[in-house]
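Let me begin by presenting the structure, written as structure tokens, before commenting on it.
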Amino acid sequence: MTTEWVDHDSESSTGGVEQRDRTLTKLACRSWQDLPTADVVAAVESGELTTANHGTAAGQRTTAATAASAAAVQRQGLAPLSDAVADWSGFGVVIPVLSGSPGAGASLVTAVLSDALSSLRQRVLLVDTAEPARSGLATAAPVEGPAEAGPHESVRVRHSWRDESTVLARLETELPVLTPGMVPPPRFFKPTSGALDATVVDIGHDAWRMAAHPLAGPGAWLRSGSPPVRPVLVCRASRPSLSQAEQVLARLEAWNEAGVITLPIQLVVVGAWSWPAGLAGATGRRVAALLEETVFLPHDSTMAVEGITAEPVPKRVRAAITPLLSRWGLVASSPVTSRRAVRRRNRKESPA
């Protein structure tokens, strides 16, 4: 198919933004009649951004390229409308990590889980599905590895060694917007050689929007399958964060009831040793069901300033997550992993 570009910048004065959006939408829809609306919208946004910087023709080319990339990638995995279960064999234990609220610290928790497993001699795949420019794991490897061919020429996966037993898999694209549908199916993140004990995934996208249709893009890591995945929900010890986490779970609930995804089974609270006073009644029923086994990650001043670097996360932060890994049977039990000991250490005061 040959695309005819509306190659004139006078469009902005004759038709305005509304007319330009209609043109870009038509271009996006030509790539695939089944392209999800979220990808069409993102492709148009990509074109609008390019138009603002480089003109109408460049914006049209970018919209078409973005939509074509999303369409090509989605054809290579389980369809967004499919209720088929996923085959997680070969990934080890899959632990998707999603934020219950913006800035909750999902990337931090992903790195902590990965480093804790690695320090206990587990072979780990650390997956980052975020837009490259907004990734919390962008500097998590000391040296970047090669960018390997992805499911489409505009989408690549770069594999780098974070440490001697952890491979970091990150997305790369030259397009200005990474649509949900451009996130490759999980198999494209897996290294071509070597067995894995665990795969820890930073979902990397706004969980509220992702939960509207979790079967497209990064939400594919939540798919029900064999062996079952173990999703983790991250929040802060505050009323707003707990409230937003409840809404994310509410959106995901219907998908879980349909049997196509697995709801988060673990709550991790970042930046606190225990629940602060004054949170009584702050949680809804969905978050409340996760409170008993809540894991707290203490504040670390260096990480708060530097973010995730190529250095391992501090030992005391890793130690906070180890009881969870012991409870899941991923590492040997330690003397302080009982529920009573964890509750006593954290001085838990449930906000339910």
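The values are calculated or read from the model by the stated rules, or taken from the named source; none is laboratory data. A quick note: this is a predicted structure, and the numbers were derived from the prediction, not measured. Here the Cβ is made from the backbone with ideal geometry for all residues, glycine too, and neighbour counts use every protein chain on show.
Details
- Qualifying positions in region 196-222 - modelled with pLDDT of 90 or more and over 23 Å from Arg156 (Cβ atoms): Asp197, Ala198, Leu222
- The single residue among Glu257, Glu246 that is charged (D, E, K, R) and surrounded by fewer than 17 Cβ atoms within 10 Å (Cβ to Cβ) turns out to be Glu257.
- Asp87 meets each of the listed conditions (1) over 18 Å from Leu222 (Cα atoms); (2) among the acidic types (Asp, Glu); (3) modelled with pLDDT under 95 apart from (1).
- Figure legend. Inter-residue proximity from region 206-222: first residues on the phi > 0 side of the Ramachandran plot, second residues among the polar types (S, T, N, Q), beta-carbon distance below 9 Å, spacing 6+ or different chains. Indicated pairs: Gly217/Gln74; Gly217/Thr129; Gly217/Thr179.
- Checking Ser241, Ser226 one by one, the residue that is under 21 Å from the mean Cα position of the chain (by Cα), of a type outside the set (A, V, I, L, M, F, W, C) and surrounded by fewer than 16 Cβ atoms within 10 Å (Cβ to Cβ) is Ser226 and no other.
- For region 298-352, residues that are under 22 Å from Leu168 (Cα atoms) and at pLDDT below 75 total 0.
- Each residue in region 148-162 was checked for being crowded, with 19+ Cβ neighbours inside 10 Å and either more than 22 Å from Val109 (Cα to Cα) or among the charged types (D, E, K, R) (or both), and 7 pass.
- Out of Gly225, Gly204, Gly217, one residue alone is small (Gly, Ala, Ser) and closer than 14 Å to Ser99 by Cβ. It is Gly204.
- Conditions (1) assigned to a loop (DSSP other than H, G, I, E, B); (2) under 30 Å from Thr192 (Cα atoms); (3) in contact with a strand residue (DSSP E or B) (Cβ under 7 Å, 6 or more places away or on another chain); number of the one not met by Ala104: (2)
- Scanning region 241-286 for residues that are among the small types (Gly, Ala, Ser) and at negative phi returns Ser241, Ser243, Ala245, Ala250, Ala254, Ala258, Ala272, Ser274, Ala277, Ala280, Ala282, Gly284.
- Scanning region 74-100 for residues that are buried (at least 24 other Cβ atoms within 10 Å of the Cβ) and either among the hydroxyl-bearing types (Ser, Thr, Tyr) or in a helix (DSSP H, G or I) (or both) returns Gln74, Ser99.
- When region 166-203 is filtered for residues that are crowded, with 17+ Cβ neighbours inside 10 Å, of a type in the set (Lys, Arg) and not in a strand (DSSP E or B), only Lys190 remains.
- Among residues of region 158-182 that are in contact (Cβ under 8 Å) with a residue 60 or more places away in the chain and among the basic types (Lys, Arg), those with a beta-carbon under 7 Å from a residue that is part of a strand (DSSP E or B) and crowded, with 19+ Cβ neighbours inside 10 Å at least six positions away or on a different chain give the pairs Arg162/Leu126; Arg162/Leu168.
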